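For reference, the structure discussed in these notes is given below.
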Amino acid sequence: MTNVILYSLLSVVVISLISFVGALFFLLKDKVFKEVLIHFVSFSIGAMLGAAFFHLIPEALELETNTLFWILIGFLFSFVLEKFIKWRHCHNPEHFNEKVHPFAYINLAGDMIHNFIDGIIITASYIVSIPLGISTTLAVIMHEIPQEVGDFAVLLHGGFSKKKALILNFITALSAILGVGIAFILGPENTQFTAILIAFAAGNFIYIAASDLIPELHKETKISKSILQLFFIILGIVILFLV
């Protein structure tokens, strides 16, 4: 069991470090960065929808009969949370950076849940067998790379500085370690709790993509740039489908 704990922790730490892939944005000049950021936001929309429809929802459906209910709960929770953040912003503006949009905070919450789930899934896989745990870790790494790029772009577009977005992205990634602990406490047989979280995260991703990010793209009306937005959305979907 000690080996399982060590393998699980090592795996989630490696996956958490992937959040620093956003450091690549530091290599871009400000002018270029501003021009390409919206394309990364488009990519993030596709990545979120791809993760929800190709990974989270199918996995939840295998484990939980009330998956659609929990997807809806996740969607509505994101709506209520965003309303609360906006309300707090209006009544206590001194506690908020006015440049940061509420959807950036929603994205952080959703990403934290997602990484927490990854920690549970990886640990449950290692409990079954070490080879299965390694295979699961590799699979998570493959979908985390495009996911983290998209999440970082959303935080930047939401108003966070590059440095703060990088730090916050890493902090949310560390929630996977908490997932490791919960997996050992609950045991691999408690699949219903995991399935509920997976469906909840799917609802959160769908809300962010559809309610917050897509309206941002509609601010651009030029046909050529709109086509590019669609291309990057499809690219994000395709990559998540392939991994």
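Please report the equivalent ellipsoid semi-axes of region 127-207, computed as sqrt(5 x eigenvalue) of the Cα gyration tensor, largest first, in whole Å.
Result for region 127-207: semi-axes of 27, 15, 13 Å.
What FRET efficiency comes out for Ile5 versus Leu61 if R0 is 25 angstrom and r is the Cβ-Cβ distance? Round to the nearest 0.05.
Between Ile5 and Leu61 the formula returns 0.25.
Which order do peptides 44-57, 217-230, 165-178 fall in by mean Cβ count within 10 Å, highest first?
Highest-to-lowest ranking by the protection proxy: 44-57, 165-178, 217-230.
Just so you know, all these numbers are worked out from the coordinates, no wet-lab data involved. Keep in mind it's a predicted model, so treat the numbers as computed, not measured. For neighbour counting, all protein chains shown are included, and Cβ atoms are generated from backbone atoms with ideal geometry for every residue, glycine included.
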